[in-house]
Every structure is written in C-alpha cells, then in structure tokens.
Amino acid sequence: MNITSIICDYESHAEDICSIRYEVFVDEQNVPEELEIDGLDGEAKHVLAFVDTVPIGTGRILDDGHIGRVAILKNH
C-alpha cells in the first residue's frame, strides 16, 4: 500500500474532491448539500490523499488560512 497526497486546484480534481466530501458529509453526516457547496472551492488550495491511485481523503485551505472540509473515507 502506497499513501501519497497532492496539492491541487478544485477545477482539475472536482470529481474526486466532491465524491469524497459528499460521501462523508452529505451521506454519512447528513449535512445538507446546500451547506456543503459554499462557493469557496474555486479560491481554495486543495489536498487529495491517495492509497495507491485511489483517492481516499481531501481537505482545503482558504486564502485567509482557514483549513476546512477535511474528509477521509470511512474505510480508511
């Protein structure tokens, strides 16, 4: 098992970022979808974590330094 992470922008990795966040926040924690999508993703730096080539976690940091939307899939 090889664990890696990358720093990325939202636009180029939105599918993986959203997939993880929806599973963790919307499906598991029952966060309303309209609260999960706050319009700040485009200005944030994002991190994606992988096991081998499978995305398993994500988080973001806003321009003001706020770290948020940290999510790891339950089975990891």
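The values are calculated or read from the model by the stated rules, or taken from the named source; none is laboratory data. Since this is a predicted model, take the numbers as computed values, not measurements. Because the Cβ atoms are built from the backbone with ideal geometry, glycine has one as well, and the counts that use them run over all protein chains shown. Note: areas computed on protein heavy atoms with side chains; ligands, DNA, RNA excluded. Shrake-Rupley method; radii C 1.70, N 1.55, O 1.52, S 1.80 Å.
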Averaged across orientations, what area in nm² does the convex hull of the alpha carbons in the stretch 1-41 project? 3.8
Whole-Hz Karplus ³J(HN,Hα) for the stretch 64-76, in order, using 6.51 cos²θ - 1.76 cosθ + 1.60 and θ = phi - 60°, x for Gly and Pro? 7, x, 5, 9, x, 6, 7, 8, 10, 4, 3, 6, 10
With the 8 Å Cα cutoff and a minimum separation of six or more residues, the chain has a relative contact order in percent of 36
In debye, nearest 20, what is the charge dipole magnitude of the chain about its Cα centre with +1 on Lys and Arg Cβ and -1 on Asp and Glu Cβ, if you could check? 380
Most mobile of ILE17, ILE37, ILE56 in a GNM of the chain (Cα contacts under 10 Å): ILE37
Rolling a 1.4 angstrom probe over the protein heavy atoms, how many square angstrom per residue are accessible across the chain? 64
Be a star and scan the stretch 13-44 for residues whose amide nitrogen sits under 17 Å from the point 7 Å along the Cα-to-Cβ vector of ASP64. 38-44
Once the dipole of the chain is set up with Lys and Arg at +1 and Asp and Glu at -1 on Cβ about the Cα centre, which of HIS46, MET1, VAL31 lies farthest towards its positive end? MET1
For the chain, which whole percent of the accessible surface, found with a 1.4 angstrom probe, sits on carbon and sulfur atoms? 54
In deg cm²/dmol and to the nearest 500, what is the mean residue ellipticity at 222 nm of the chain if only DSSP H runs of at least 4 residues count, each as -39500 (n - 2.57), divided by the residue total? -5500 deg cm²/dmol
